[in-house]
Ligand SMILES: [Zn+2]
């Protein structure tokens, strides 16, 4: 069996986790030993489970860094919310190159400020296959939203949750930035 890294990325609400759960189910049907992982930080849907809003849930092991994966033996590794993991991306390369492991990972490619998110740029660079999904734009309803956008204030990249976020297309993201800037100039700190 030859190894492979497949990535599902895009903004929030773009069915990344649904694709991951589907990969988990296909691998199970193929009689592979499958294990799913998620970062400790993501507690939106409870611990020890990866859950999609519409596509059910699978059991998951909580890890902090890529190095933790070495403690678990499986044929297929499913990893959710990859942007919150730490560690050396070489761990994945070694698993695939020398042990023929199959890896499916999903995560946000950008923060709400559109900066590359955590280890995602490195993951995207080494992946065999990248699937970049879009969401529906909150402002124009087109199915072309590449960006997550935060409606309130925050101090770090890491705000886990859905309520404060919307997804926007490039045009509508730029429109909101212009509006925010104009507001800031007029009223100071928004
Ligand atoms: Zn739009």
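Every number in this text was worked out from the coordinates using simple rules, so none of it is lab data. Quick caveat, the model's predicted, so the values are computed rather than measured. Using ideal geometry, Cβ is built from the backbone for each residue, glycine included, and neighbour counts are taken over all protein chains shown.
Some points to look at:
- The chain: angle of helix 90-99 to the longest principal axis, Cα-based, in degrees nearest 10: 30 degrees
- Among 167, 6, 28, sorting on how many other beta-carbon atoms sit within 10 Å of each Cβ, with the fewest leading, yields 28, 6, 167.
- Exposure proxy shown here: for 12, 95, the number of other Cβ atoms within 10 Å sets the order, fewest to most, as 12, 95.
- Scaled against the 2.2 N^0.38 Å expected of a compact globular protein of N residues, the Cα radius of gyration of the chain reads 1.09.
- Degrees, to the nearest 10: 16-29 long Cα axis against longest axis of the chain: 10 degrees
- Bridges between two residues of the chain, per DSSP, are antiparallel at a rate of about 30%.
- Helix axis angle, 170-187 relative to the chain longest principal axis, alpha carbon, degrees: 50 degrees
- Normalised contact order of the stretch 103-150, rounded percent, pairs of Cα under 8 Å and 6 or more residues apart: 34 percent
- Rounded to the nearest 500, the 222 nm mean residue ellipticity of the chain from helices alone is -8000 deg cm²/dmol, with -39,500 (n - 2.57) taken per DSSP H run of at least 4 residues.
- Virtual paramagnetic centre 7 Å along Cα→Cβ of residue 30, amide N under 13 Å, in the stretch 54-81: 75-78
- The value of relative contact order for the chain, using C-alpha pairs under 8 Å at least six residues apart, is 27 percent.
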